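Let me begin by presenting the structure, written as structure tokens, before commenting on it.
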Amino acid sequence: MCPFNYPDTCTGDPNRREENYEIDLHAYQSLNESRGYVVLMNLSIAGAGYVGLVTGACFAKLGNRVICMDIDEMKIDMINRGLSPLYEEGLGELLITYRDNIEATTDYGYALRNSDVTFICVGTPSKSDGSFDLSFVRAVAEEIGKQLKEKEEWHLVVVKSTVLPGTTRDVVLPIVEKHSGKRVGRDFGLAMNPEFLREGVAVKDFLEPDRIVIGCYDERSRDVLRALYKVFSCPIVETSLSAAEMIKYASNAFLATKISFINEIGNLCKRAGVDTYEVADGMGLDERIGRAFLDSGIGWGGSCFPKDLHALIAWAQELGENPRILERVVEVNDLQPLKIIELLKRHVPLLTGRVIGVFGLAFKPGTDDVRGSRALPIVKQLLEEGAIVKAYDPEAMENFKKLYPQIEYCSSAEDALSSDAVLILTRWEEFRKLDYKGKVVIDGRRLEEAKKAKIYEGVCW
Ligand code: UDX
């Protein structure tokens, strides 16, 4: 059965294709030789940040028609000109190539009228107590509700923003119902469809997912999402709304736990003279464990892990639970960057007035993002101990400068290499090409090439 309001266009009958396309652009089909019929849809995406924009651009690539909505006029203008307002590998190319399938607007009414499904992809930043700020999600849900009031047809609302279990049902649902005057499950559908996109490889992650999780309030919503994701060959996990929300948090918490775990093992290995990477390789071959996310070093950062872990801990405490493992995962991660300073001091005992080269400021390679970067506590500590910091990063210097304008920023990695000692904090490819001979290098990210240094120390190896 067609999940939309256009039964004729969703029959899957190959002979009707041309006719349907011309009759109604709201729900059209294309013939895909290898996969049979695919239902293509009209989608709107609320929030043109990295999740919203990658989601929109990838859905457009798959043949859907996408309308991106944002309050930022400059972003809207750039997207409409086929330009990416943010740095994300492959995104700019998609926006220009599939320009005919994507438009952007600040007008929610226009977007809702001309789409059948709306994805909520706005941010959920942390508040100072670790809990998360739902104001953007609430504002968008209200706007969607107001626009649905004016729309006769059934519409599907999908939450993609990372939200704690219960948020879609207890916050989004009542807001949309209140402002639309409509009933969920009857007049509009509701679903939760978390994203698992890593910064820097988000386009690839979207197009080649390990799994797709869809939590649905009602069957019609489930049918629409099944049809939308039909082109993917990975497992599609169908759950309740709250389980879908929890899967996202549990996945991120588990990945962060894996890293903190291997860092704790790594600290032991370092004392015992064991190479943790050999240990991780040996462990990782056990299918039950897996090698991914067992790279030890100075810990995890980014816009997701720190925020999600803190939100999960705050939520657990609110529910009367004592999340011991999660708290220790964060604690290990907070202490891990200081290991590199400890090791540095074995070779440069007094940091006052000494020049320390900092290689890498981004929280990981492939991004200009410094949120949660391990470079932040490390630079803070170096400055507190009176060191002169010379930093270099191929992408993230501008962002870091906003937080630490007082350090020296080098125009090349070679420049930063002329220091009393060098700390490697991000595993950028270009750091592999440097000549470390004669240098003192303390490595937080396992850069094989740096082992040629006069003095080389790895954090966990
Ligand atoms: C993460 C999740 O991977 C993604 O699924 C989710 O949707 C968003 O959060 P991202 O923040 O882009 O993605 O970074 P990721 O590639 O996961 O790395 C996170 C941090 O862990 C980085 O600081 C990285 O350097 C560190 N890391 C990763 C390790 O220290 N060791 C590892 O083995 C892997």
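The table below lists the values:
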| item | result |
| --- | --- |
| Residue tally, condition within 27 Å of residue 88 (Cα to Cα) and assigned to a helix (DSSP H, G or I), over the stretch 328-365 | 2 |
| Of the criteria (1) touching a Lys or Arg at 6+ places or on another chain (Cβ under 6 Å); (2) buried (at least 23 other Cβ atoms within 10 Å of the Cβ), which one residue 443 fails | (1) |
| Among (1) open to solvent by less than 10 Å² (accessible area, probe 1.4 Å); (2) of a type outside the set (Phe, Trp, Tyr); (3) farther than 30 Å from residue 127 by Cβ - the single one residue 271 does not satisfy | (1) |
| Residue that is farthest from residue 85 (Cα to Cα) [pool: residues in the stretch 361-378 that are aliphatic (A, V, I, L, M) and open to solvent by less than 30 Å² (accessible area, probe 1.4 Å)] | 378 |
| Of all residues in the stretch 379-390 being in contact with a strand residue (DSSP E or B) (Cβ under 7 Å, 6 or more places away or on another chain) and either within 16 Å of the ligand (Cβ to nearest atom) or in a loop (DSSP other than H, G, I, E, B) (or both), the one that is farthest from residue 202 (Cα to Cα) | 387 |
| The stretch 395-424 residues that are open to solvent by 10 Å² or more (accessible area, probe 1.4 Å), paired with ones that are modelled with pLDDT of 95 or more and in a helix (DSSP H, G or I) (beta carbon under 6 Å, 6 or more apart) | 404/379; 409/397 |
| Tabulated pairs, the stretch 299-321, first under 25 Å from residue 341 (Cα atoms) and of a type in the set (S, T, N, Q), second open to solvent by 10 Å² or more (accessible area, probe 1.4 Å) and assigned to a helix (DSSP H, G or I), C-beta under 9 angstrom, 6+ apart or interchain | 303/50 |
| Boolean, residue 112 is in contact with a Pro (Cβ under 9 Å, 6 or more places away or on another chain), of a type in the set (A, V, I, L, M) and either assigned to a strand (DSSP E or B) or open to solvent by less than 10 Å² (accessible area, probe 1.4 Å) (or both) | no |
| Which numbered condition residue 140 misses (of (1) under 18 Å from the mean Cα position of the chain (by Cα); (2) closer than 21 Å to residue 178 by Cβ) | (1) |
| Residue 307 vs. criteria touching a strand residue (DSSP E or B) at 6+ places or on another chain (Cβ under 6 Å) and not in a helix (DSSP H, G or I) | no |
| Odd one out for residue 333, checked against (1) in contact (Cβ under 8 Å) with a residue 40 or more places away in the chain; (2) surrounded by fewer than 18 Cβ atoms within 10 Å (Cβ to Cβ) | (2) |
| Residue that is over 23 Å from residue 176 (Cβ atoms), at pLDDT 95 or above and more than 16 Å from the ligand (Cβ to nearest atom), where the choices are 320, 302, 282 | 320 |
| Flag for residue 366 being among the small types (Gly, Ala, Ser), within 15 Å of the ligand (Cβ to nearest atom) and at pLDDT below 95 | yes |
| Filter result for residue 95 (of a type in the set (A, V, I, L, M, F, W, C) and either touching a residue at least 60 places away in the same chain (Cβ under 8 Å) or open to solvent by 40 Å² or more (accessible area, probe 1.4 Å) (or both)) | no |
| Complete set of residues in the stretch 285-299 that are more than 13 Å from the ligand (Cβ to nearest atom) and of a type in the set (Gly, Ala, Ser) | none |
| Qualifying residue in the stretch 226-249 (condition: among the acidic types (Asp, Glu) and open to solvent by 50 Å² or more (accessible area, probe 1.4 Å)) | yes |
| Filter result for residue 276 (closer than 17 Å to residue 312 by Cβ and either open to solvent by less than 20 Å² (accessible area, probe 1.4 Å) or more than 10 Å from the ligand (Cβ to nearest atom) (or both)) | no |
| Test result for residue 360, within 12 Å of the ligand (Cβ to nearest atom) and of a type in the set (Gly, Ala, Ser) | yes |
| Residue in the stretch 340-357 that is open to solvent by 40 Å² or more (accessible area, probe 1.4 Å) and within 15 Å of the ligand (Cβ to nearest atom) present | no |
| Strands (runs of 3 or more DSSP E) fully within the stretch 180-266 counting 2 or more residues that are away from the ligand (no atom under 14 Å from the Cβ), touching a residue at least 24 places away in the same chain (Cβ under 8 Å) and in contact with a Leu (Cβ under 7 Å, 6 or more places away or on another chain) | 188-192, 212-216 |
| Some residue of the stretch 420-432 being aromatic (Phe, Trp, Tyr), farther than 18 Å from residue 297 by Cα and assigned to a loop (DSSP other than H, G, I, E, B) | no |
| Near pairs, Cβ below 8 angstrom, 6+ apart or cross-chain, from the stretch 101-114 (among the charged types (D, E, K, R)) to any residue that is not in a strand (DSSP E or B) | 103/79; 103/80; 113/147; 113/150; 113/151 |
| Failed condition for residue 160, given (1) out of contact with any helix residue (DSSP H, G or I) (no Cβ under 8 Å at 6 or more places or on another chain); (2) of a type in the set (D, E, K, R); (3) within 16 Å of the ligand (Cβ to nearest atom) | (1) |
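The values are calculated or read from the model by the stated rules, or taken from the named source; none is laboratory data. Given the structure is predicted, the values throughout are model-derived calculations rather than measurements. FYI the Cβ positions are ideal-geometry reconstructions off the backbone, even for glycines, and counts take in every protein chain you see. Only protein heavy atoms, including side chains, enter the accessible area calculation; ligands, DNA and RNA are left aside. Shrake-Rupley method; radii C 1.70, N 1.55, O 1.52, S 1.80 Å.
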